[in-house]
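For reference, the structure I am asking about is given below.
The values are calculated or read from the model by the stated rules, or taken from the named source; none is laboratory data. This is a predicted model, so every value here is computed, not measured. So basically every Cβ, Gly included, is an ideal-geometry build from the backbone, and we count neighbours across all protein chains shown.
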């Protein structure tokens, strides 16, 4: 299976058994199971609790993973998923000389933060940044890989903490004792204006005392006790291995337990929803999609037991990354059919051509039952759209790449080690080939990205190949759903492509809409003319604006997944997902870009940190911006 996400080379050391909090499932009809999820703990965030202790000797980012570990998170559908040739011909949109509608913008969490700025440095190096972003009541919350930060609306940092600590787990990796905590990954968050509560979600994997994977996993849900993210939260853990143990349904994954990957969240007036892609944990293959539905008011109230329902969609239904919708305000929810939550997905990855001319609209109805006896009903409809295609990785503008230069260096004298900078990272018997080149930027696999439901329309976006010239771009869709005699259908209210000029590419869109039907779609702009940059367009049913650049990238991506010496598996990484969040009439967006700029000599002279702007193994940053469309 082709991995969708690679953590540090010490990924599989950072795992531990998780605390469970669920009663046994009750089998029901319709491919689903009822659950009652139990409150298992509490956590607290306090203003001003940033840890500044960084131990100079604690820089063992290159510790290798356990031999034989070939399983990872955020997987591709199959190892043979490849980019399609060509793609729709799209003229390049101009890049505005200065951004419009941009109210404020700042650098969010970066690679240095996730490795050193919290937990006394007891973290792993990870890339790329998986971004969760939510906003409301004058706060912005960003969670990226292993770190969570709360900002005021002007960008002032109020809190920064390790994700492991937030969920009540030990350090990811205690660099004094050598002990490890669980692998908590793929964080995402949501502020619910109806209940005025913050929801933070991540997945957690477990190992036994020897460090071997057990197959146990949980979906961890934290819910604030008040309308502020600074303070107390309730924590719920949902076992997700779905092999019949710990109260889970048995989805018959090959080899036993199932692997929950790529969690994403949405909400309607009745429920809070988490969707995952499900794979066999210890075997190749793809099993399908799980939709977890929770009684939202029970979560918001901190109930000791919360009603839940898990709906399984078999892979034969071409379901992959079925992304749930979020709605602006408190009046945009779909109330028909006993309450309805909408989802979108794409299916080009199921086709040998790597192309498709349809997307899938999904609806979960009868969501009002979640607070009583959960019995939601799943509907599916195929929606014809303009053809899109799996994109190829994007070339990036050449700049400084000190990690690449170090791996290639054979002359630098290192006292006690010998000649060659590469010796900082590799044992003598593992000497690399010294032929690394600057890698491309990954542009995803055309899976659906963030989804919004506003004004009776379901909005979504995905990555696509474009031609004229060949490059990666994004496609956006606005779908009007309807029901007739209980059957779901969808019609296209609007659609379009956004591509950059000059062979430059766009990657990893994330959109959100206001109640007025205007929105913002964020992405990374990268190519021969641009270092990886944080960019966006505004959009409505009438189309999109010119490309706006919130912050131009300052140098090339120079992370360990760019270079084959740190594989296998080898695949240049970027994104996995960005984020967008509605806050009244404005939209907050977050994208990956490169802020750190550092030469090889500066990197060496600064103990690989370049003034604490990057680390030895990575230089990615995130950009948080507020746009009023």
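Within the group 508, 536, which residue is at positive phi and part of a strand (DSSP E or B)?
Numbers: 536 fails: at positive phi.
Among 508, 536, only 508 is at positive phi and part of a strand (DSSP E or B).
Moving on to the next point. Among residues belonging to region 244-261 that are surrounded by 20 or more Cβ atoms within 10 Å (Cβ to Cβ) and in a strand (DSSP E or B), point out the one that is farthest from the chain's Cα centre (by Cα).
Per the criteria, the residue is 253.
Does residue 477 satisfy being closer than 24 Å to residue 106 by Cβ, crowded, with 21+ Cβ neighbours inside 10 Å and at pLDDT 95 or above? First the steps, then the outcome.
On the way: closer than 24 Å to residue 106 by Cβ: no; crowded, with 21+ Cβ neighbours inside 10 Å: yes; at pLDDT 95 or above: yes.
For residue 477, the condition - closer than 24 Å to residue 106 by Cβ, crowded, with 21+ Cβ neighbours inside 10 Å and at pLDDT 95 or above - is not met.
Which one is nearest to residue 559 (Cα to Cα), of the residues in region 406-436 that are out of contact with any helix residue (DSSP H, G or I) (no Cβ under 6 Å at 6 or more places or on another chain) and in contact (Cβ under 8 Å) with a residue 40 or more places away in the chain? Quick ask: steps written out before the conclusion?
Looking only at region 406-436, we keep the residues that are out of contact with any helix residue (DSSP H, G or I) (no Cβ under 6 Å at 6 or more places or on another chain), and these are 408, 410-411, 413, 415-416, 418-420, 423-431, 433, 435.
So of that shortlist, the ones also in contact (Cβ under 8 Å) with a residue 40 or more places away in the chain come out as 424-426, 433.
Values: 424: 16, 425: 13, 426: 16, 433: 17 Å.
In this case the residue turns out to be 425.
Continuing with this model, one more query. Inspect all residues belonging to region 431-449 and state whether any of them is buried (at least 17 other Cβ atoms within 10 Å of the Cβ), under 27 Å from residue 331 (Cα atoms) and under 26 Å from the mean Cα position of the chain (by Cα).
Yes, that holds for at least one residue.
Take region 128-161 and flag every residue that is more than 22 Å from residue 585 (Cβ to Cβ) and not in a strand (DSSP E or B).
Of the residues in region 128-161, the ones more than 22 Å from residue 585 (Cβ to Cβ) are 128-132, 143-150, 156-161.
Scanning region 128-161 gives 128, 129, 145, 146, 156.
Let me spell it out: the conditions are (1) over 23 Å from residue 139 (Cα atoms); (2) at pLDDT below 95, and residue 231 meets all of them except one. Which number is the exception?
Result: residue 231 passes all but (1).
Quick check on region 305-313. Is at least one of its residues at positive phi and in contact with a strand residue (DSSP E or B) (Cβ under 9 Å, 6 or more places away or on another chain)? Give the steps one after another, and end with the answer.
Taking region 305-313 and keeping what is at positive phi, we get none.
Checking region 305-313: not a single residue is at positive phi and in contact with a strand residue (DSSP E or B) (Cβ under 9 Å, 6 or more places away or on another chain).
Residue by residue, here is whether (1) free of Cβ contacts under 8 Å to residues at least 60 places away in the same chain; (2) under 18 Å from residue 394 (Cα atoms) holds:
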residue: 539; (1), (2): no, no
residue: 545; (1), (2): no, no
residue: 557; (1), (2): no, yes
residue: 560; (1), (2): no, yes
residue: 567; (1), (2): yes, no
residue: 575; (1), (2): no, yes
residue: 579; (1), (2): no, no
residue: 586; (1), (2): no, no
residue: 589; (1), (2): no, no
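Sort through 551, 573 and tell me the only one that's within 20 Å of residue 130 (Cβ to Cβ) and surrounded by fewer than 24 Cβ atoms within 10 Å (Cβ to Cβ).
551
If the requirement is being modelled with pLDDT under 95 and under 28 Å from residue 585 (Cα atoms), which of these qualifies: 330, 367, 340?
Details: 367 fails: modelled with pLDDT under 95; 340 fails: modelled with pLDDT under 95.
None of the other options fit; the residue is 330.
Could you figure out which of (1) more than 19 Å from residue 263 (Cβ to Cβ); (2) in contact with a strand residue (DSSP E or B) (Cβ under 8 Å, 6 or more places away or on another chain); (3) modelled with pLDDT of 90 or more; (4) not in a strand (DSSP E or B) isn't true of residue 124?
(3)
Also: Quick check: is even one residue across region 551-559 at pLDDT 95 or above and not in a loop (DSSP other than H, G, I, E, B)?
Checking region 551-559: at least one residue is at pLDDT 95 or above and not in a loop (DSSP other than H, G, I, E, B).
Take the residues in region 600-616 that are touching a residue at least 12 places away in the same chain (Cβ under 8 Å) and part of a helix (DSSP H, G or I), then tell me which one is surrounded by the most Cβ atoms within 10 Å (Cβ to Cβ).
Only one residue tops the list, namely 603.
Given the options 173, 236, name the one that is more than 19 Å from residue 306 (Cα to Cα) and either at pLDDT below 90 or touching a helix residue (DSSP H, G or I) at 6+ places or on another chain (Cβ under 9 Å) (or both).
Being more than 19 Å from residue 306 (Cα to Cα) and either at pLDDT below 90 or touching a helix residue (DSSP H, G or I) at 6+ places or on another chain (Cβ under 9 Å) (or both) holds for just one of 173, 236, which is 173.
Here is a follow-up. Out of all the residues in region 95-149, which are surrounded by fewer than 24 Cβ atoms within 10 Å (Cβ to Cβ) and without any contact (Cβ under 8 Å) to a residue 40 or more places away in the chain?
97, 98, 138
Might you check whether a residue that is more than 20 Å from residue 39 (Cβ to Cβ), touching a residue at least 24 places away in the same chain (Cβ under 8 Å) and within 23 Å of the chain's Cα centre (by Cα) occurs anywhere in region 332-342? Full working, then the answer.
First, the residues of region 332-342 that are more than 20 Å from residue 39 (Cβ to Cβ): 332-342.
So of that shortlist, the ones also touching a residue at least 24 places away in the same chain (Cβ under 8 Å) come out as 332-342.
Subsequent filtering for residues that are within 23 Å of the chain's Cα centre (by Cα) retains 341-342.
Looking for residues that are more than 20 Å from residue 39 (Cβ to Cβ), touching a residue at least 24 places away in the same chain (Cβ under 8 Å) and within 23 Å of the chain's Cα centre (by Cα), one finds at least one in region 332-342, hence yes.
Quick check on residue 439: is it under 22 Å from residue 509 (Cβ atoms) and either free of Cβ contacts under 8 Å to residues at least 24 places away in the same chain or out of contact with any strand residue (DSSP E or B) (no Cβ under 9 Å at 6 or more places or on another chain) (or both)?
Details: under 22 Å from residue 509 (Cβ atoms): yes; either free of Cβ contacts under 8 Å to residues at least 24 places away in the same chain or out of contact with any strand residue (DSSP E or B) (no Cβ under 9 Å at 6 or more places or on another chain) (or both): yes.
Yes; evaluated as a whole, the condition is true for this residue.
Hey, another quick one. Exactly one of these conditions fails for residue 182: (1) under 19 Å from the mean Cα position of the chain (by Cα); (2) at pLDDT 90 or above; (3) within 25 Å of residue 121 (Cβ to Cβ). Give me its number.
(2)
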